[in-house]
Amino acid sequence: MGAIGGYYGGRLAHAGLEVHFLSHSDYAYVVEHGLRVDSCDGDFYLPHINAYHSSVDMPKTDVIIVGLKSVNNHLLPELIGPIIKEDTVVVLIQNGIGLEADLQAAFPKLHIVAGLAFICSSKTEPGHVCHQCYGSINLGNYSCPQERLSQLLDDFRLAGIQAAEVPYEEARWKKAVWNMPFNGMTVALNTSTDRLLANPATRQLIYDQMMEVVGAANALGVSTVTSEFADQMMQMTDEMVPYSPSMKLDYDFHRPMEIYYLYTRPIEEARKVGFDMPKLAMLEALLKFKNN
């Protein structure tokens, strides 16, 4: 259970829904002390949560929310396999391109939804999630019956989470417009989002990288990802608190970085249709160097 699972799962549990948490590093702590969420939308504390150290001990579930880092996606079959029912829906709240296709190949009958979280949160210590700002989630339907997706949206909204359905491809590429520049650049230059935008040179580079993502999406037929959306992302980041994205935190704490789905895969997909992303390809190379 990380910052994403802790926040969204915590919100759902706080609203009275039955939620089961898979927790590894802080399992013993949350069993004894529960889960605390300090949130800009109102703090809350769950003194008792359904926590498990292994998925083999968990009940079969209607919905699985995956907040796992994509560098560990090779573990997904053993993690979610024991709790899948015939009609289970899996929501992948992960960053990158190609995630759903790879999971569907492993579980052909699975109902899959892309979860695009717009949130600044971190797990600061065991059983403690700090939610700084935002918190909405967009859901892109990859292979899920519409009525199940509608129920999922209702559950998020019941928990006070702003949730909306968006076209799948559009959702994934729109998230990449922000993720690909800011995640990698904060690592490459050892800085935060506000400092990148405060400097004219790096501000222009960030925007150029955003436009490479827009161009790639358009080349792949996703015409709804536009320069106007990139402008909105720049404005949103100007207004948000100084922030270290998830990749920067992974780098700072000497954890593997999510380079494949965040950079390598989208760059490969764009190249298949004849579109190159040179600035982001250079950033990918820098990140691979730093990841060793």
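Taken over the stretch 274-292, the criterion of being modelled with pLDDT of 95 or more, more than 14 Å from residue 260 (Cβ to Cβ) and not hydrophobic (A, V, I, L, M, F, W, C) is satisfied by 274, 276, 278, 279, 290.
Restricting the stretch 156-209 to residues that are closer than 24 Å to residue 226 by Cα and of a type in the set (Phe, Trp, Tyr) leaves a set whose member that is farthest from the chain's Cα centre (by Cα) is 207. Within the set 223, 246, the sole residue that is open to solvent by 70 Å² or more (accessible area, probe 1.4 Å) and either farther than 19 Å from residue 203 by Cβ or in contact with a strand residue (DSSP E or B) (Cβ under 8 Å, 6 or more places away or on another chain) (or both) turns out to be 223.
List pairs: first in the stretch 250-266 and farther than 14 Å from residue 280 by Cβ, second acidic (Asp, Glu) and part of a loop (DSSP other than H, G, I, E, B), Cβ under 9 Å, 6+ apart or cross-chain? Cβ pairs passing all conditions: 250/258. Only helices (runs of 4 or more DSSP H) whose full extent lies in the stretch 115-210 are considered here, and the ones with at least 1 residues that are in contact with a Gly (Cβ under 6 Å, 6 or more places away or on another chain) are 168-188. Put simply, of 8, 29, 45 the only residue that is over 22 Å from residue 151 (Cα atoms) and in contact (Cβ under 8 Å) with a residue 40 or more places away in the chain is 29. Go through the stretch 93-132 and give me each residue that's open to solvent by less than 20 Å² (accessible area, probe 1.4 Å) and among the hydrophobic types (A, V, I, L, M, F, W, C). Scanning the stretch 93-132 gives 93, 97, 99, 103, 110, 112, 113, 114, 116, 117, 120, 129.
Those residues that are open to solvent by 10 Å² or more (accessible area, probe 1.4 Å) and closer than 23 Å to residue 72 by Cβ, I need them from the stretch 22-37; list them, please. Show your work before the answer.
Going through the stretch 22-37, the residues open to solvent by 10 Å² or more (accessible area, probe 1.4 Å) turn out to be 22, 24-25, 27-29, 31-33, 36.
Within the stretch 22-37, 22, 24, 25, 27, 28, 29, 31 meet the criteria.
The values are calculated or read from the model by the stated rules, or taken from the named source; none is laboratory data. The model shown is predicted, which means the values in this text are computed figures rather than measured ones. Cβ: placed from backbone, ideal geometry, glycine included. Neighbour counts: every protein chain shown. Just the protein is used for accessible areas: all its heavy atoms, side chains included, with ligands, DNA and RNA removed. Shrake-Rupley method; radii C 1.70, N 1.55, O 1.52, S 1.80 Å.
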